[in-house]
Amino acid sequence: ILVSAIVTPHAIVTPDWATDRERLWNEAEKAETRINSRVAREAEIALPHDLPQDQREALTRSLAQLIADRYKVPVDYSIHEPARNGDDRNHHAHILFATREIGPEGFGKKTRALDAHETGPDRTGPTSSTDPLNTLEFPNV
C-alpha cells in the first residue's frame, strides 16, 4: 500500500473519529440493526500507469471526495502498487465507503442511491448537466 486515507463530506461536520480507520468501521458496524446488514461498498479502480504517483494520488483523492460529497458518506481509500510478480502497470486503488450517511452525531440513514435494485442502474450516474461527475477534472499528464 502506497497511500491510505479517509475523506469525509466537505459540507458536513463529522465526529473526530470519522478519520480514524478502526473507530470509523467499528461505528459503522454499530450503526447497523441487522446481523446481515451491508456496512460498506467497495470499488476497485485501475489507475493510469503513465501518470506519476502524485497524480494517481490526486485522481484517487478527487474521486473519493466526489463520492463523499455526493452521497454524504465517509470514504476510505488505499492506493496499491503493482505486485512484484505481476504486470508492472497494475496501479490500482481500493475505495471503501459506508452505506450510511454521516453527520455531526455519527451515522444516520442508509444510502440507497447506489443499490441498483432500489434506484436502477441508470440512476447512479450524473444527475444533471452540472453534476460533478460531468466536470471531474483529471490531473494533467
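Taken together, the values in this text are just the output of simple stated rules run on the coordinates, not laboratory data. These numbers were taken from a predicted model, which means no experiment stands behind them. Neighbour counts are summed over all protein chains in view; Cβ atoms, including those assigned to glycine, are modelled from backbone coordinates with ideal geometry.
Taking the stretch 33-104, which trypsin sites (Lys or Arg not before Pro) meet the DSSP loop condition and have no more than 10 other C-beta atoms within 10 Å?
Details: sites: Arg34, Arg38, Arg41, Arg56, Arg61, Arg70, Lys72, Arg84, Arg89, Arg100; in loops: Arg34, Arg38, Lys72, Arg84, Arg89.
Sparse-neighbourhood loop trypsin sites (Lys or Arg not before Pro): Arg34, Arg84.
Using the beta-carbon distance between Arg38 and Ser78 and R0 = 30 Å, what value does 1/(1 + (r/R0)^6) give for FRET efficiency, to the nearest 0.05? Could the numbers behind the result be given before it?
Values: r = 20 Å, r/R0 = 0.66.
The formula returns an efficiency of 0.90 here.
Here the Karplus curve 6.51 cos²θ - 1.76 cosθ + 1.60, taken at θ = phi - 60°, turns the phi angles of the stretch 53-61 into couplings of 4, 5, 6, 5, 5, 4, 4, 5, 4 Hz, with x standing for Gly and Pro.
Between Ala5 and Arg23, the simple label model (points 7 Å from Cα in the Cβ direction) yields a spacing of 2.0 nm.
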